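The structure appears right after this line, and notes come after that.
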Amino acid sequence: MKLEVRDLEKVYASRSGFTHALAPTSFEVSSGEFVCLLGPSGCGKSTTLFAIAGLDEPTRGEILLDGQRVRGPGRDRGMVFQNYTLFPWLNVIDNTRFSFELEANIDRSSTCAEVMTQIGRASALLELMGLSAFERALPRELSGGMKQRVAIARALTNQPKLLLMDEPFGALDSQTREEMQDMMLLLHAHETMTVIFVTHDVEEALYLSTRILVFSPRPGCIVRDLAAPFGMHREPALKLAPEFMRLKRELLDLLRQPRTGDGHHGDRFRKLITETKLPSTP
């Protein structure tokens, strides 16, 4: 798996004018990486993720997955949102199987063996996440952390090439958040999957990722590409290690720095608006 993001740029139109959310941004992600997009609120992290998911069209630039241009959502990318997005009328196992069963109903070429394999995979993922005893429970009977585990299992059932996660633990309490972080490390090792994970939490980014892309304030662009030097086996005690604390301070200082070159980007923004002729909202 290889993801290529080339000169991605995004401008939003609204009643009040235009918002330049993302300046030209380029990076690549290889198979097996756990990449965190880190930056302040409104810097274009989620915009970048949604464009990769095919849920938002960039103003400029392109995204290639294994050489094929991304033009919309696809089963090769699984998505996990901050809100749990579970169907309240479906139990845990049916929520987990939903995306595959929907696709099987649309694509009649799926064989019985393929269907049974995916159903077995859904149950195995729930067992891996400690939810096998809750397969028949409805979402209203689950805690926030349990709901998000179901959402992650659903995203992984189709075995996507790339798992995209938009601040998935942002609504959880600190203890549950730490438990979910450890679960993600286990999943990443067990599934050997590729993950792009959006967060504004420096500690979370350092603890989870093999690589961190740091975004500047809006219009966002990558100002640092940092390889996390902690190996694959990580435990909570790592967060107190001197090297971890040093990098945490370094990243916090970087995030606090004001954006430089605003005049240059302002000129580019005006040129971009003139060239693209975005329609105003009536």
request  = Could you check the stretch 179-282 for helices (runs of 4 or more DSSP H) lying wholly inside it with 1 or more residues that are modelled with pLDDT under 90?
outcome  = 242-256, 262-276
task = Take residue 175 and decide whether it is under 22 Å from residue 33 (Cβ atoms) and polar (S, T, N, Q).
result = no
Enumeration of residues in the stretch 180-190 that are open to solvent by 40 Å² or more (accessible area, probe 1.4 Å) and more than 15 Å from residue 203 (Cβ to Cβ) = 186, 189, 190
query = Of the conditions (1) under 26 Å from residue 89 (Cα atoms); (2) at pLDDT 95 or above, residue 122 fails just one. Which one is it?
reply = (2)
task = Could you tell me which of the residues 58, 40, 73 is surrounded by 14 or more Cβ atoms within 10 Å (Cβ to Cβ) and either closer than 22 Å to residue 157 by Cβ or in contact (Cβ under 8 Å) with a residue 60 or more places away in the chain (or both)?
result = 40
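Yes or no, residue by residue, for (1) without any contact (Cβ under 8 Å) to a residue 60 or more places away in the chain; (2) in a strand (DSSP E or B); (3) open to solvent by 40 Å² or more (accessible area, probe 1.4 Å):
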| residue | (1), (2), (3) |
| --- | --- |
| 4 | no, yes, no |
| 9 | no, yes, no |
| 13 | no, yes, yes |
| 20 | no, yes, no |
| 23 | no, yes, no |
| 29 | no, yes, no |
| 32 | no, no, no |
| 35 | no, yes, no |
inquiry  = Being at pLDDT below 95, open to solvent by 30 Å² or more (accessible area, probe 1.4 Å) and in contact with a Ser or Thr (Cβ under 9 Å, 6 or more places away or on another chain) is the requirement here; does residue 103 meet it?
reply    = yes
query = Does any residue of the stretch 144-157 turn out to be hydroxyl-bearing (Ser, Thr, Tyr), closer than 24 Å to residue 31 by Cα and either buried (at least 16 other Cβ atoms within 10 Å of the Cβ) or modelled with pLDDT under 95 (or both)?
reply = yes
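Yes/no matrix, rows are residues, columns are (1) modelled with pLDDT of 95 or more; (2) more than 22 Å from the chain's Cα centre (by Cα); (3) over 28 Å from residue 190 (Cα atoms):
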| site | (1), (2), (3) |
| --- | --- |
| 36 | yes, no, no |
| 50 | yes, no, no |
| 62 | yes, no, yes |
| 71 | no, no, yes |
| 76 | no, no, no |
| 82 | no, no, no |
| 85 | no, no, no |
| 99 | no, no, no |
| 117 | no, yes, no |
message = With the structure loaded, tell me whether residue 154 is in contact (Cβ under 8 Å) with a residue 40 or more places away in the chain and more than 16 Å from the chain's Cα centre (by Cα) or whether it fails that test.
response = no
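The values are calculated or read from the model by the stated rules, or taken from the named source; none is laboratory data. Everything numeric in this text was worked out from a predicted model, so none of it was measured. Backbone-built Cβ (ideal geometry, glycine too); neighbour counts: all protein chains shown. For the accessible areas, the whole protein counts, side chains as well, though only heavy atoms, and no ligand, DNA or RNA atoms are used. Shrake-Rupley method; radii C 1.70, N 1.55, O 1.52, S 1.80 Å.
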